[in-house]
Amino acid sequence: KDFEVFVDGKVQAVKVYTVESERDGLRRVWYLLSHDFFDERSKKSPYPSPMTKLRTLRYFSLWNQCVALLIQELKPNVYHCMDYHAALAPLYIPKDSLTPTILVLHNADYMGVIETDFINDRFWKTVSALRRLSLVFNLKQKTIRRYLTFEGRFNMLRAGVMYLRETQAGYGVCAVSANYGVELRRERTLFSGVPVVLALDNATDAAEDHGATGIDMLKKQRFQAKKNLQAHCGLVQDPDAKILIFIGRWVKQKGVDHIAMLTPTLLRTHPEVQIILAGPPDDACGLYAQELLAPVVPEFKGRLFVCPEFFALPGDLRKGAHLCFTPSCSEPFGYVDVEFGLLGVPSVGCAIGGLGKMPGVYYRMQNADSSQMLLEAFLCSVDFALNMPDADYWEMAVAATKASFPFDTWRWNLLEAYALAIEHFRSSRRTEELSLNDLWLQNDAVEVIRNELEHRKQSAFRRKSGASIVAHQMQVLDIDDDMEFLTQAVSEERVHDIMKETMAQNERRGSLMVKDAETLQRNICLAEQRLTERNHITQWLMKPLLRTKYLRIHAVIALCYIVSPSGETLLKTTVGKSTGFLTDYMQHSIFYGGVAFGSLLWLVLSRGIPPNLLMATSQVANVLFSVLVPSLLDEALNNWTVSGFLVLSGMLSASRLLFIIWNFNEDFHGGFQVACKRIGILESC
C-alpha cells in the first residue's frame, strides 16, 4: 500500500509493508514504512538531529502524517503515543475520525524543541519561521501557534499534551514511574493543565531466588564473575578489588561528567577500587567526560577501563561489579539500577525520578544549579558505600536481587490508562480541521505555498513594494533549493573539537579556568554568538566586565534594577511637598492600582515585543520619569498631577520584574511570558 502526503509543499510517496505473526493465539501485525527519510536512518541513530535542520523537520512531518493515516485506516480503540516523536499525528486526523489517546513519557527532557529560534509573533505579526514551519508540517499557522508553540519556541511534545487537554480534559498523560510523574506535574509548566500523570512503571523478570543461601551464593558468583570481568576489561586480577561500573549513554542527564571528574579522586583515595566506564558520548557533557578521562587512563593502567563507544557486557560479567554509578540529574525510570540490582550489584547515586527504588546508597539533589554541591554529595555517597561493613553491604545486595517489577501490575496500569482515556474522550470538542490538506485539494500547490509564506496581502490601502514582492518570490524558490531557514546551533563535531583544544590549552598553561562541562559549553555558545552578532552595541555588552566572569549586560541589568526605584523615592518627596488633599490611603491605593495595571500591561506587551526591546523601553521610561519628577514646579502639583504620577510610578515599578525574569530566565521553568503572567498576578494581589 502507498501513502501520499504533503511535506513542505511537495508530495511524498511512502511505501507501507505489513508483517504478521501469531503467538499464543494472538495475531500481531507490524506496519513498516519505506521512504528515503526513513531508510537512511541507522540502528545507532534512529532519529535525525538537530531539530534546526530542514531535513529533520521534514522527517518528523512525514512520520507523523503517516502515523495519522494509519490511525484513520486501522481505527484503533486507543492510540498509544510514545514521547514526542509521533505526538503530532492526532492533529492530521479529521475531526470526525479522532481517536482516544494516551501519551507515555519515557523521557520528557526530550520534547522535539527548536532551541535556536523564537517562533512566537513579533510585534503581533507572524514571523517567517512560523510560516515556513506551517508548510513543512502541513499544518495551519494558527495550529502551529496553538498546539506547537510553548514559551515562544517550537515544541512537538506540546501538541500531544494540548490534544489530550482539548479532547480528554487532560487525562491520558503517563510516565514510566510514579515519582517521575509527580516531578513532571510539579516542575514542568508544560503539564500544568493536566489533572493527573498516571504511572506505568516498567516491568522486568524477577531474579532467581536462592532462599536462605542467598548471600553465600551471591559471594560465590561475585568471585568468579569479578575474575572474568577483570580479564574482559584488561584490569589487574585482584580478588579483593571493588569494581565500580557505569555503562550507558554519556550524557548530562546521566551525570557522566561528574563521574569523570571524580574518577581520579576515587582511584587515589581508594587503592582497592577499579573503575569501568563505557558508553557512547551523546552530548557536550559526554564529550567533555571523554576528553577528561583520556589523560587519566595511562596513570591508572590496570585499574581504569574506559570505552567511549557502545559496549555490550554480558550479564554474567556484570555480577562482578561492586557498585553501579547512577548520579543522574534526571531519570524517568532507571533500568540500569534494576539490571545491576537484580544481579546483586547495589547502586550509588542520586535519588531522583525513578531512581531510589532499588537498594543502594543515594543522596538528594539539594541544588541542581550547583555543580560543586552535586559533586560533593556524590563523592560522600561513594565513600559511604565503599566503607560500609561487609555484613551491611551483602544484606543490601541480597535485598536488591529480591526486587519485583511484575508484568501483571504494568498491564493493569496500562488498561486503566486506556479506560480513562476512552471515558473522558469527547471528539466534538474540536470544531475545525487543523491541517492544510483541504487547501491542497482545492487550490494549485504553488498558490498554496505563496499564500502561506506571504506575510500580508496587498490592498488598495496597503500596497506592497517591488522589493517586497521579489523577496516573497525568493522565499518560494528557497523551498525548491532546500535552503535552511532556522539558526543553526553549534554542531557536536565542532563542540568536540573546541573542547579538545580548550582543555589542551588549559593543561599546557596549568589553568583550571573551565571547571565543568556546562561552563565550557556555555562559553562555546557565547563565543559563537559573538562571532555571529552584527550589532556593535550587542557585541560590546556581551564582553566580560573588568576581566571577570560576568558580562557587561549583567552589570547593566543589575544597575537598571537598582536605579529604577529612584523614581518612587523622588515621587514620595514630591508628594510630600504637594498641598493637595490626597490621604495616605488614597495615595497607596492609586499607586498599587498602577502596579496592577502595569503588570497586566507588561504581560500584554511581552506577547508581541521582543524581551530585550521591552526591557530597554521600560528602563528609558524609568530614566525619563526620574528626571521629570524633580523638575516639576510646585505650582504644577495638584491632586490630578500627583495621581497621574502615582499611577505611572506604579506601572514603572512593575516593569522591574522584567529584569528579574531576564537574569533568572535560564533557571525559570516557564518562559518570559509565563513569568510575566505569574509575577504580574502576584504583584496585582
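The values are calculated or read from the model by the stated rules, or taken from the named source; none is laboratory data. Keep in mind the model is a prediction, meaning the values are calculated, not measured. A quick note on method: Cβ atoms are made from the backbone with ideal geometry, for glycine too, and the neighbour counts reach across all protein chains shown. With ligands, DNA and RNA removed, areas are computed over all heavy atoms of the protein, side chains included. Shrake-Rupley method; radii C 1.70, N 1.55, O 1.52, S 1.80 Å.
For region 377-406, the candidate set comprises residues that are exposed (fewer than 13 other Cβ atoms within 10 Å of the Cβ) and at pLDDT 90 or above; within that set, the residue that is farthest from HIS322 (Cα to Cα) is CYS380. Residues satisfying the criterion are absent from region 54-70 (criterion: in a loop (DSSP other than H, G, I, E, B) and either at pLDDT 85 or above or surrounded by fewer than 22 Cβ atoms within 10 Å (Cβ to Cβ) (or both)).
Conditions tested, residue by residue: (1) farther than 20 Å from VAL176 by Cα; (2) in contact with a Gly (Cβ under 8 Å, 6 or more places away or on another chain).
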site	(1), (2)
ARG303	yes, no
VAL306	yes, no
LEU343	yes, yes
CYS350	no, yes
GLY356	no, no
LEU375	yes, no
SER381	yes, yes
TYR393	yes, no
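Scanning region 1-22 for residues that are basic (Lys, Arg) and part of a strand (DSSP E or B) gives LYS10, LYS15.
Residue pairs whose Cβ atoms lie under 9 Å apart, separated by 6 or more positions or on different chains, with the first residue in region 586-615 and without any contact (Cβ under 8 Å) to a residue 60 or more places away in the chain and open to solvent by less than 80 Å² (accessible area, probe 1.4 Å) and the second not in a helix (DSSP H, G or I) and not basic (Lys, Arg), do not occur. Name every residue in region 274-306 that is surrounded by fewer than 15 Cβ atoms within 10 Å (Cβ to Cβ) and without any contact (Cβ under 8 Å) to a residue 40 or more places away in the chain, in order of residue number. Hits for region 274-306 are ALA294, VAL297, PRO298, GLU299, LYS301.
Restricted to strands (runs of 3 or more DSSP E) entirely inside region 260-358, those with at least 3 residues that are under 30 Å from GLU187 (Cα atoms) and touching a strand residue (DSSP E or B) at 6+ places or on another chain (Cβ under 7 Å) are 323-326, 347-350. Among the residues of region 235-259, those that are in contact with an Asp or Glu (Cβ under 9 Å, 6 or more places away or on another chain) and either surrounded by fewer than 17 Cβ atoms within 10 Å (Cβ to Cβ) or assigned to a loop (DSSP other than H, G, I, E, B) (or both) comprise ASP238, ASP240, ALA241, ARG249, VAL251. Scanning region 23-46 for residues that are part of a loop (DSSP other than H, G, I, E, B) and out of contact with any helix residue (DSSP H, G or I) (no Cβ under 8 Å at 6 or more places or on another chain) yields ASP24, GLY25, GLU40, ARG41, SER42, LYS43, LYS44, SER45, PRO46. Note on region 184-228: residues that are in a helix (DSSP H, G or I), open to solvent by 30 Å² or more (accessible area, probe 1.4 Å) and more than 23 Å from ALA403 (Cα to Cα) amount to 6. Within region 311-323, is even one residue of a type in the set (Phe, Trp, Tyr), more than 24 Å from GLU208 (Cβ to Cβ) and at pLDDT 90 or above? No: zero hits.
If the condition is being without any contact (Cβ under 8 Å) to a residue 12 or more places away in the chain and more than 20 Å from LYS242 (Cα to Cα), then region 307-334 contributes only ALA312. Scanning region 86-110 for residues being assigned to a loop (DSSP other than H, G, I, E, B) and open to solvent by 30 Å² or more (accessible area, probe 1.4 Å) gives a total of 4.
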